[in-house]
1. Six or more apart or on different chains, Cβ under 9 Å: which pairs go from a residue in region 173-193 that's on the phi > 0 side of the Ramachandran plot to one that's β-branched (Val, Ile, Thr)? Could you list them?
2. Could you please give the count of residues in region 1-46 that are of a type in the set (Gly, Ala, Ser), under 22 Å from Thr225 (Cβ atoms) and either within 21 Å of the chain's Cα centre (by Cα) or in a helix (DSSP H, G or I) (or both)?
3. Report yes if some residue within region 396-415 is open to solvent by 90 Å² or more (accessible area, probe 1.4 Å) and either within 27 Å of Thr208 (Cα to Cα) or hydroxyl-bearing (Ser, Thr, Tyr) (or both); otherwise report no.
4. Would you check if there is a residue in region 205-212 being closer than 15 Å to Trp21 by Cα and buried (at least 22 other Cβ atoms within 10 Å of the Cβ)?
5. Quick check on this structure: which one of Gln312, Gln300 is closer than 30 Å to Glu421 by Cβ and of a type in the set (S, T, N, Q)?
6. Among the residues of region 376-388, how many are within 21 Å of His245 (Cβ to Cβ) and open to solvent by 30 Å² or more (accessible area, probe 1.4 Å)?
Amino acid sequence: MPIISGEDYMNRINKLKSDIWIEGKRIEGKISEHKAFKGVMKSQAALYDLQHTKSIEDIMTYDSPSSGEKVGTSYLIPKTKEDLLKRRKMIQEWAKVNGGLMGRSPDYMNTILASFAASVDLLKGEKNCFPENLLSFYEYARENDLSFTHTFINPQVNRGKFYFEDDEEDEIITAQVVEKNKDGIIIKGARLLATQGGITDEILVFSTVGADEAHSYAFSIPSNTKGLRFICRESFVYKDSEFDHPLSSRFEEMDTVIVFNDVLVPWDRVFYYDNPRITGKFFTESLFFPLTLHQIVARQVTKTEFVLGIVQSLVDTINIGEYQHVQDKVSEIILARETMKAFLIASEHQAKQDVNGTMVPDLNTLYAAINTFPKIYPRFSEIIQSLGASGLVSIPTEKDFKSEIKGELDLYLRAATKKAEDRVKLFRLAWDLSMSAFGTRQTLYERFFFGDPIRLSQSLYMNYKKDKYVENVHRFLNMES
């Protein structure tokens with residue numbers, strides 16, 4: 001099957017009937033009709049439909065090297081700088097549809113899978129590694145336009161430096177390999193934090209650095225695999241009304257805990273297991289960081305542009321653009337947008353081919369970007385709140401404007417440049433981004449999107465080559481190095 005449509009996506013997920021629990025009940029029937037999921041699934045379907053838009057088909061798709069069919073650009077392993085630019089344009093076309101608010105739109109995980117497939121040589125000849133499985137699955141996913149959730153995080157039982165789970169004394173908490181047989185490996189335990197859990201074709205699971213043998217594995221399985229359960233947090237979709245909740249009603253990506261109740265992973269779906277050294281090596285030496293960060297930063301640029309548009313709309317609506325403090329605040333967002341855009345373009349300009357011919361964006365500039373955005377995004381909410389002020393509280397609902405009090409609302413809530421209903425619609429958008437449960441989750445999400453901010457800065461410090469700058473100073477002072 002070539003690129004799928006939105007309807008194809010919805011039908012596939014509905015047919016899975018995965019084991020999904022929310023508020024103490026298992027979801028029955030079509031998940032695309034469930035209040036917590038129908039908005040985001042509809043929005044995700046719109047992304048797949050966009051792949052069929054003739055005017056941008058050359059951006060959204062490319063010809064499969066195996067079938068010749070049109071496949072999604074998010075699966076493209078870039079070989080040239082033009083390929084990188086094409087990937088960025090495609091990512092941002094999708095991001096524009098949702099204002100960059102869907103951090104786990106399909107291009108994110110498709111990029112991760114492509115980065116692993118491009119790094120498959122790291123697995124060749126290694127113990128308990130199956131590079132042929134990874135390549136085969138990448139091609140299968142590409143040719144069938146699969147969607148993915150994933151989980152990289154262990155449960156937060158004890159975050160102390162020297163805590164290790166003792167399986168002899170405690171029940172198994174962190175998902176691990178408990179058995180191997182002729183059919184595959186058996187996984188038992190839990191993992192966090194699968195965003196979009198239950199509304200994708202597959203779940204991709206990779207251990208991270210520091211895992212022991214039992215916790216060292218990589219595989220992908222269908223979301224309806226026997227024994228696999230998704231436990232949802234409370235939904236932030238409080239109303240279907242796009243007027244009252246313009247963002248959460250459409251883009252609320254559910255976060256789930258994944259429970260593996262003796263889940264069988266068939267051997268042809270296992271990429272590696274029982275190999276801690278490869279677990280660490282595959283993250284640090286593969287193309288996971290550069291290609292995935294390129295996707296993330298491309299989306300974050302679009303998200304910043306969406307925020308800028310909201311903030312300037314507020315300024316225009318209530319006519320506060322003449323004040324210097326307002327101009328200063330809006331300029332902060334402009335600076336953020338230009339900074340992130342500069343990082344992105346620099347990473348592409350300085351890209352180099354690796355030994356396998358993959359065009360790899362510059363990692364230093366992408367690391368600088370991913371260290372910057374978690375610091376500046378929370379400021380966006382502060383700016384919206386300070387400029388919106390009481391207007392973010394004076395936000396009657398859609399039903400109010402359809403009631404007998406509409407005349408009073410039209411009179412007292414009108415703005416300098418907009419009628420009352422349009423003014424409230426805009427301010428509800430700003431409120432949903434900066435003050436609602438959905439909006440505050442967005443802030444937390446960006447704070448920790450690619451890991452703990454301190455660890456990210458530590459990684460930048462440790463990996464950034466600083467020697468030549470130190471030598472310049474020593475030379476300036478006529479000091480010996």
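1. Listed by first residue and then by second, the contacts come to Gly184/Val265; Gly184/Val270; Gly189/Ile172; Gly189/Ile173; Gly189/Thr174; Gly189/Val178; Gly189/Val259.
2. 2
3. Yes, there is a match, as at least one residue in region 396-415 is open to solvent by 90 Å² or more (accessible area, probe 1.4 Å) and either within 27 Å of Thr208 (Cα to Cα) or hydroxyl-bearing (Ser, Thr, Tyr) (or both).
4. Taking region 205-212 as the starting set, the residues that turn out to be closer than 15 Å to Trp21 by Cα are none.
Within region 205-212, none of the residues are closer than 15 Å to Trp21 by Cα and buried (at least 22 other Cβ atoms within 10 Å of the Cβ).
5. Answer to the selection: Gln312.
6. Adding up the residues that qualify gives 1.
Yes/no matrix, rows are residues, columns are (1) touching a Gly at 6+ places or on another chain (Cβ under 9 Å); (2) at pLDDT 95 or above:
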{"residue": "Gly99", "(1), (2)": "yes, yes"}
{"residue": "Thr111", "(1), (2)": "no, yes"}
{"residue": "Gly125", "(1), (2)": "no, yes"}
{"residue": "Glu132", "(1), (2)": "no, yes"}
{"residue": "Tyr138", "(1), (2)": "no, yes"}
{"residue": "Asn144", "(1), (2)": "no, yes"}
{"residue": "Ile153", "(1), (2)": "no, no"}
{"residue": "Glu179", "(1), (2)": "no, yes"}
{"residue": "Asp183", "(1), (2)": "no, yes"}
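The values are calculated or read from the model by the stated rules, or taken from the named source; none is laboratory data. Since this is a predicted model, take the numbers as computed values, not measurements. Glycine gets a Cβ as well: all are built from the backbone with ideal geometry, and neighbour counts include every protein chain shown. With ligands, DNA and RNA removed, areas are computed over all heavy atoms of the protein, side chains included. Shrake-Rupley method; radii C 1.70, N 1.55, O 1.52, S 1.80 Å.
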